[in-house]
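The values are calculated or read from the model by the stated rules, or taken from the named source; none is laboratory data. A quick note: this is a predicted structure, and the numbers were derived from the prediction, not measured. Every residue, glycine as well, gets a Cβ built from its backbone with ideal geometry; the counts of neighbours run over all protein chains shown. With ligands, DNA and RNA removed, areas are computed over all heavy atoms of the protein, side chains included. Shrake-Rupley method; radii C 1.70, N 1.55, O 1.52, S 1.80 Å.
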Amino acid sequence: MPYPDKDFLLYSPTALRLFHEVASEQPIYDYHTHLSPKEIATNHRWSNLADLWLGGDHYKWRLMRANGVDERSITGDATPREKFQAWAETIPYTLRNPIHHWTHIELQRYFDIDLLLGPDTADTIWEQANARIAEDDFCVHDILREFKVKMIGTTDDPVEPLDDHLAIAASGIDTRVSPTFRPDKAFAVDQPADFNAWVDKLEAVTDTDISQLDDLLNALQVRHDAFHAAGCRLSDHSFDHCPAIPCDDADAAIIFESARGGKAADAEDREKFCFYLMLFLGRLDAAKGWTKQLHLGPFRNVNPHGFKSIGPDAGFDTIGDFSQGRPLITYLGALAERDSLPKIILYNINPSDNYLFAAMTGAFQGGAIPGKIQFGSGWWFADQKEGMEMQLNALSSTGLLSRFVGMLTDSRSFLSFPRHEYFRRILCNLVGSEADKGELPDDFEALSELIVAVCSGNASTYFE
């Protein structure tokens, strides 16, 4: 019997029906990813399995380090075959980690390989997968078509040109690929060298001089307008906690001008500036009907040596234990008070805050938009079976699961689309098992409508 088998994670008769008859047929709306727009625009092809599977995947890198693999075979100058071998030797030690599930689902769905990956099967899998990768129809556009991907949201800095997105739009592919406005570096007034380098790029892309706060705001609006014209309907921000110290125009101008002059803002002034800018950006999003995403809670780059030698997004982050409630109330309340609260998705990284986030969404709903404020899918360290179930339970217990916009991959890999299948199996098992125990109605049509809505329908409507 292959592992995972066709009934993987489905433990009741109704769960089996809901997945096989309903969920498995739904298209994918992967509205938040870190996929490369250039690779989509150029219909990228890969040279080998290591390039496709291991490049940029810090989930795998962390496990390889935990298994004692030398950094040379993770992010260093080892050959692709050596890196793949190190990964194959790590996989047998990943039992009960979601990576073990994802690895073997991906081998099945992309390469028709049912073997368990390990040192003894590495040669066979390497050869079979690379043979498939070399075939004419193994490229980005064919993958998007095969997995019925209707929408992808990439993650894009406002200073980057949108040429790749314009090329994608002109290519005629069936997948809608939308940029996402993510101005992380606009908040870095505590790091003036990085901040000013970014503002200089913003000057260049908008052909303006940015010496005062109003110049910055005008330039951001210019890029916001350009992103909208290119199909953008989402913004995204990542903070350890939501900025929440009020700041007026005069203080924000002083903080900006000091940073522009090379003086680093202290922690309080940085948070004040972030709050000011987030209110401004919230108003822009609300005016255009965008969805604002808030990713909250991680400690980032906690290993100084790893960060200095390899850089960010390399597996040196962890779950934070910040106080989230009061800052969120302050920020969401300030937007609501100004009648400029956009659609928002809140992503929580610390499972201990699940009910706080889920209940928070209910306090700010309204505007005749179903599910206007969303408690987002289990994110990062919570993006696994238990984390997904915890998020679904918290959302169901405090709000409307039937209005949930569902799963996203948050991935840098075109091999990650089966994570939607993984989520759908978990969702169908949760709903189907409760129906078979009498905790939900014995009404397959109503249950099917719920599954369709969460798998694809709500996302299609919510993101227009």
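Computed values, structure above
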item: Cross-chain or 6+ apart pairs with Cβ under 7 Å, the range 101-124 first and more than 15 Å from Phe84 (Cβ to Cβ) and free of Cβ contacts under 8 Å to residues at least 60 places away in the same chain, then among the acidic types (Asp, Glu) and part of a helix (DSSP H, G or I); result: none
item: Test result for Gly282, under 21 Å from Phe463 (Cβ atoms), of a type outside the set (Ser, Thr, Tyr), open to solvent by 10 Å² or more (accessible area, probe 1.4 Å) and in contact (Cβ under 8 Å) with a residue 40 or more places away in the chain; result: no
item: Candidate set: the range 347-362, residues that are open to solvent by less than 10 Å² (accessible area, probe 1.4 Å) and either modelled with pLDDT under 95 or among the aromatic types (Phe, Trp, Tyr) (or both); chosen: the one nearest to the chain's Cα centre (by Cα); result: Tyr347
item: Selected residue [over 19 Å from Leu296 (Cβ atoms) and surrounded by fewer than 16 Cβ atoms within 10 Å (Cβ to Cβ)] from Leu440, Leu400; result: Leu400
item: Tabulated pairs, the range 85-97, first part of a loop (DSSP other than H, G, I, E, B), second crowded, with 16+ Cβ neighbours inside 10 Å, C-beta under 7 angstrom, 6+ apart or interchain; result: Asn97/Leu63
item: Enumerated helices (runs of 4 or more DSSP H) restricted to the range 134-220, each holding at least 3 residues that are over 30 Å from Ala265 (Cα atoms), open to solvent by less than 10 Å² (accessible area, probe 1.4 Å) and hydrophobic (A, V, I, L, M, F, W, C); result: 140-146
item: The range 288-317: number of residues that are of a type in the set (Val, Ile, Thr), surrounded by 14 or more Cβ atoms within 10 Å (Cβ to Cβ) and farther than 20 Å from Phe181 by Cα; result: 1
item: Qualifying positions in the range 318-346 - in a strand (DSSP E or B), at pLDDT 95 or above and open to solvent by 10 Å² or more (accessible area, probe 1.4 Å); result: Lys343
item: Residues (open to solvent by 20 Å² or more (accessible area, probe 1.4 Å), modelled with pLDDT of 95 or more, assigned to a loop (DSSP other than H, G, I, E, B) and not aromatic (Phe, Trp, Tyr)) located in the range 1-47; result: Asp5, Lys6, Asp7, Gln26, Pro27, His34, Ser36, Thr42, Asn43, His44, Arg45, Ser47
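Here is a yes/no grid of residues against (1) among the hydrophobic types (A, V, I, L, M, F, W, C); (2) crowded, with 21+ Cβ neighbours inside 10 Å; (3) more than 30 Å from Leu49 (Cβ to Cβ); (4) in contact with a His (Cβ under 6 Å, 6 or more places away or on another chain):
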position	(1), (2), (3), (4)
Met390	yes, no, yes, no
Gly406	no, yes, no, no
Arg419	no, yes, no, no
Tyr422	no, yes, no, no
Asn429	no, yes, yes, no
